[in-house]
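The values are calculated or read from the model by the stated rules, or taken from the named source; none is laboratory data. These numbers come from a predicted model, not from an experiment. When we count neighbours, we look across all protein chains shown, and the Cβ atoms used for this are built from the backbone with ideal geometry, even at glycine. Side chains are part of the model used for accessible areas, which takes the heavy atoms of the whole protein and leaves out ligands, DNA and RNA. Shrake-Rupley method; radii C 1.70, N 1.55, O 1.52, S 1.80 Å.
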Amino acid sequence: MDNALQLNDLGYFETRGLNILVFSNWYDSNFDDAKISGVELIHHGVRTATNGDMRLSATPSQWDAIPQFIDRKVDAELNAIEASLAYPEHDIQYTIKAVSGNKGITLSLHLEKPLPKELEGQAGFNIEFLPSAYFGKAYLVDGQSGIFPRYPSGPMADKGKPGPLARGTHIVLAPEDPTRRVAIQVLDGELLLFDGRNIAQNGWYVLCSPIPAGKSGKVVEWLLSAGVLPGWMRRPVIAHSQVGYHPDQEKVAVIELDKNDQPLATARLLKVIENGELVGQHTGGLSSRGSYLRYNYFSFDFSRVREAGLYVIAYGDVRTRPFRIAHDVYETVWHPTLDVFLPAQMDHMLVREAYRVWHGASHLDDALQAPVDHEHFDLYAQGPTTDTPYQPGEHVPGLNIGGWYDAGDFDIRTQTQYHTVLELVHAWESFDIKRDQTTVDQDRRYVEIHAPDGIPDMLQQIEHGTLALIAQFRAVGHAIHGIIAPDLQQYTHLGDGASKTDNLIYNPELAEGESDGFNSGTPDDRWAFTSRATALNYGSIAALAAAGRALRGYRDDLAEECLETALQVWDEEHQHEPDIFRHGNTTGGPLLAEELRAATELLITTQDARYAERIEELWPDIEEHFQWNAITAARALPYMSESYTQKLEARVRTYRDELDRLEEENPFGVPIFTGGWAGNGHVMYFAITNYLLHKAFPEIIDAEFVFRGLNYLFGCHPDSDISFVSGVGTASKEIAYGTNRADFSFIAGGIVPGVLILKPDFPENKEDWPFLWGENEYVVNMGAGYIFLVNAVRNLLENTG
């Protein structure tokens, strides 16, 4: 297989239908192995292999040791890339070299000195292949055939380690399929094929060459080649809203083309009529939007079409699925989020939906005080003291109430909780959402989906989040970082959250497994991380102050407690220097931004001038970090002075110039985040920001900047045209990283992170593999923000014309 791979200007090997990246990306420092590192293959437009690197076991899982990246050198003259890495804890330094030749890529691993004794027979040169890319396909190892297993079924060796599916010196993956065929030959040693899913559902198929003991220098060498279709070009993508469009809004599809493709002159909008015929409604020329990442983009504007109906867009032989143009197009698209997603995420409750139970009442044994001077996984840590009346390992009472599963995992991350409460309150107050489709009974810890109980669901969701926040102040007097599983075995739990623990409070005086019916000797209770952080206090009391308004008339007792707590904590925080405890993303946002949020919500609730005075004092931070603070600054506006209004208006005019520059940065005109977590959250809050600023300054901020953000979520984005809101739109995210991800399923109304930008130029959102959290993991506050955004768009369109 002659691939004629050449180094391009972006520093990776390229030919039509095949790219080989060598440490263009490396491991996520926050969440360890994110499956975006080492040697990677992009094969006919799909990233099918990753983590070509030295690893310390044949099938490393997410939390196993990863190397430290040192540097990377690209030699265009030699058509070669070399990366240097290390495992400092084992005193290992090594390089991986990739050289392109006529027969493919030669990959070699070089050690500065032999493996330490403890790693002999363990460490190897690995590369991992995406299971969903090889389901239903075959392999040949030294001529012996096999079929890639659809479901992991062994073999397992001693001590819980997988045994190889096959072994030899030459392997061909998918010999029958030129779009996925990859051949690897080891020039000295052995190749072992493993199924990493035997130890973790998010594992990949792994090829490994064990590193020989006692050797240094070049210890492993492979020759890798891959099949390519001659003249291959990626099919065009017509990025558009899978939900559709209101007649009064702009309607622009963005057509994404392979860089080798020649654009057509026009695209067509076709109306679907009752007999199935497609009737042309509009033929329009394409406008170039330039190049972005690895593709070329063109826009197709069909805004002139206002007639209600069912439509498809056609570009050459590519057609979209049907979508609507209708005045009520946004009326129900937020219902799955409120009706299904938020209830399914409710912790400490049994959640039923017709015949199905999403989960039982979980974590009723919350929570044990976390140990001091402890760095945990998932960005949690405890400082040198508990900052509570409780000793490490002691039960902290009262935390087993309220709150939502943070994301695809089960922890209660306080920062997520208070953002969710705030967004729900703002939606409740702004749009008077009285929808009732769900029964919530806090006394019985019971939730039933599709069963109205006469109480607005928004109020009950606000109540549920508020109970988790107020419980922290009742228990320890301040906001805590959150509550999370004590060990990785529990943290990686998939299935019913109620089966994670025995739901009995741990009593160390009982033997392991012993129970008296109320307590048990099994230390499976989650841990509460409780180091004081002023930023967390401010964020939490902002939500409590807001909830105090929303809950008035429904839960007056709770509303009063929320406001009293918020007032007290605000006063306490202003009597001492801030408690600065920073670790990961669990200890609050920027301090002044959190204080601004608290001051604003207290101002709205009490209309006390001292909070307005503090907001005025915070103006320099508002101005400097405007994109972070704009939403809060706009919410405060009706309660502030004329001089504040003038300063905000001037800053909004500068911000408008920044919005215009977005259209130069990418063809979608929204901020596309390029970090390790995809950017739908940035896009959503960009749109919410623009809604609030448009309402305040309609002559400066156009409503189109709001619609654009929602259209992005619904399919007008790079890489594909799928809606990132599960169950919403004609084609939506139906394999996602929720608590049910092991079933390759979804939770209706959940919003995933979206398109991840892999360096240097590859946009990706996998639709057939749920386990990439940076692309596919639901987070609960995204649901609350989405409810606000859809109703904001409805509000704008109801007031057009």
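The charge dipole of region 178-332, taken about the Cα centre with unit charges on the Cβ atoms of Lys, Arg (+1) and Asp, Glu (-1), comes to about 300 debye, rounded to the nearest 20. Spin-label pair residue 429-residue 281: with each label point 7 Å from Cα along the Cα-Cβ axis, the two points sit 3.9 nm from one another. If R0 is 25 Å, the Cβ-Cβ spacing of residue 552 and residue 332 corresponds to a FRET efficiency of close to 0.30. The charge dipole of the chain, taken about its Cα centre with unit charges on the Cβ atoms of Lys, Arg (+1), Asp and Glu (-1) only, comes to about 2820 debye. Placing unit charges on the Cβ atoms only, positive for Lys and Arg and negative for Asp and Glu, gives region 498-576 a dipole magnitude near 500 debye about its Cα centre.
Using the Kirkwood formula over every pair of different C-alpha atoms, what hydrodynamic radius in Å results for the chain? Don't jump to the answer; show the numbers that get you there.
Values: mean 1/r = 0.0353 Å⁻¹.
After inverting the mean inverse Cα-Cα distance, the result is 28.4 Å.
Were the residues from residue 742 through residue 156 laid out at 0.36 nm apart, the gain over their Cα-Cα distance would be 209.0 nm.
Measuring spread by the Cα atoms of region 124-231 yields a radius of gyration and Dmax of 14.1, 49 Å. Projection of the Cα convex hull of region 305-411, averaged over all directions and equal to a quarter of that hull's surface, yields 12.7 nm².
Given N residues in region 201-346, what is its alpha carbon radius of gyration divided by 2.2 N^0.38 Å? Could you put the intermediate results ahead of the total?
Values: Rg = 23.4 Å, N = 146, 2.2 N^0.38 = 14.6 Å.
For region 201-346, the normalised Cα radius of gyration is 1.60.
Kindly state, to the nearest 0.05, the FRET efficiency for residue 68 paired with residue 799, given R0 = 60 Å and r defined as their beta-carbon distance.
Working: r = 56 Å, r/R0 = 0.93.
It comes out at approximately 0.60.
The trypsin sites (Lys or Arg not before Pro) of region 406-473 meeting both criteria, a DSSP state outside H, G, I, E and B (loop) and at most 16 other C-beta atoms within 10 angstrom of the site's C-beta, are 434, 435, 444. If I take all pairs of Cα atoms in region 733-801, what percentage of them are more than 20 Å from each other? So the pairs more than 20 Å apart make up 42 percent of the total in region 733-801.
The lysines whose alpha-carbon is closer than 18 Å to the alpha-carbon of residue 271, local same-chain residues fewer than 8 away aside, are 251.
Under 26 Å of direct C-alpha separation, and excluding same-chain neighbours fewer than eight residues apart, residue 215 reaches these lysines: 73, 97, 113, 117, 161.
Over the chain, with every protein chain in place, what whole percent of the accessible area is carbon and sulfur at 1.4 Å, could you tell me? Mind dumping the intermediate values first?
Details: 14190 of 29610 Å².
C and S atoms contribute 48 percent here.
Run the numbers on the chain and let me know its relative contact order in percent, using alpha-carbon pairs under 8 Å that are six or more apart. Averaging sequence separation for qualifying contacts and normalising by length gives 11 percent for the chain.
A Förster radius of 51 Å combined with the Cβ-Cβ distance from residue 122 to residue 499 puts the calculated FRET efficiency at roughly 0.95.
Which Cα, out of 731, 782, 770, lies furthest along the positive dipole direction of region 676-801 (beta carbon charges, K/R +1, D/E -1)? Farthest towards the positive pole: 782.
Averaged over its residues, the chain has an accessible area of 37 Å² per residue, based on protein heavy atoms and a 1.4 Å probe.
Between residue 511 and residue 623, 0.36 nm times their residue separation minus their Cα-Cα distance comes to what? Show your work: numbers first, answer last.
Numbers: separation 112, 0.36 × 112 = 40.32 nm, distance 5.87 nm.
Roughly 34.5 nm would be gained on extension.
Residue separation of residue 76 and residue 734 scaled by 0.36 nm, minus their Cα-Cα distance, works out to 232.7 nm of gained length.
Positive end of the charge dipole of region 41-100 (Lys, Arg +1 and Asp, Glu -1 on Cβ, about the Cα centre): tell me which of 49, 86, 61 has its Cα farthest that way. Comparing the listed Cα positions along the dipole, 49 ranks first.
Modelled label positions at residue 306 and residue 31, each set 7 Å beyond Cα in the direction of Cβ, lie 4.5 nm from each other. Note on surface exposure: 739, 606 rank 606, 739 by accessible area, highest first, 1.4 Å probe.
Note on exposure: 350, 469 ranked by accessible area (1.4 Å probe, complete protein assembly) read 350, 469, with the most exposed listed first. Note on exposure: 277, 775 ranked by accessible area (1.4 Å probe, complete protein assembly) read 277, 775, with the most exposed listed first. Which part of region 374-399 falls in the paramagnetic zone of residue 576, meaning amide N under 12 Å from the point 7 Å along Cα-to-beta-carbon? Correct set: 387-388. Describe numerically, in nm with one decimal, the distance between label points set 7 Å from Cα along Cα→Cβ at residue 661 and at residue 288. Result for the modelled spin labels: 2.4 nm.
Bridgeable lysines around residue 695 (alpha carbons under 19 Å apart, same-chain partners fewer than 8 residues away excluded): 647.
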